[in-house]
């Protein structure tokens, strides 16, 4: 029962984060940090060790995002990356997923879950860095990551978190549309 209450609190904070980040406001990051703190023990108990470790990274990067975004008055400005940098990012995510997934197979009882768990960690790190940097295309990454998370959490029987993954998937599409709309403003530029 205690784990269910923790999961409900984590879901609530996570949904608040996604709503606020789609609005491009710094207030998203405290909710992000809270959600990450609440989810670490949930993933640990489900033997999703990479996801549990990821929550610790999320707390740290949440502080970085909070500091970076709080410098803006109103919605943060949006930037884009060249396609070549996205190609490097995707190849890096896939290579690191294979390495971490193999390590999880060897050193933990994760079994079949090791590779999707590793992908969620590595992909989420990459996508979160893109989000903190205000890169509009971060939402494309999140859509893929959230789709994989729905299947993994269903496979593990973490049903409320599976539902959260579905909501994240929908909100990621919403975030993509909102940030695309925001990229039409004169504030948008390109990161090189």
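Taking a ≥ b ≥ c as the square roots of the eigenvalues of the alpha-carbon gyration tensor, the range 40-135 is classed oblate because a/c is 1.5 or more while a/b is no larger than b/c. Contact order, relative form, for the range 2-190: 24 percent (alpha carbon pairs under 8 Å, 6 or more residues apart, mean separation divided by residue count). Taking 71, 180, 156 in turn, the Gaussian network model of the chain (Cα-Cα springs below 10 Å) assigns the largest fluctuation to 71. Rounded if a/c is under 1.5, else prolate if a/b is larger than b/c, else oblate: which is the range 1-91, with a ≥ b ≥ c the root eigenvalues of its Cα gyration tensor? Since a/c reaches 1.5 but b/c is at least a/b, the shape of the range 1-91 is classed as oblate.
Rounded to the nearest 10 degrees, the angle from helix 2-22 to the longest Cα principal axis of the chain is 20 degrees.
The C-alpha atoms of the chain define a longest principal axis, and helix 49-69 lies at about 20 degrees to it. For the chain, the mean residue ellipticity at 222 nm estimated from helices alone is -26500 deg cm²/dmol, where every DSSP H run of n ≥ 4 contributes -39500 (n - 2.57) and the total is divided by all residues, rounded to the nearest 500.
Relative to the longest principal axis of the Cα atoms of the chain, helix 138-156 runs at roughly 20 degrees.
Bear in mind that the values in this text are calculations on the coordinates, not laboratory data. None of the values given here were measured: they were computed from a predicted structure.
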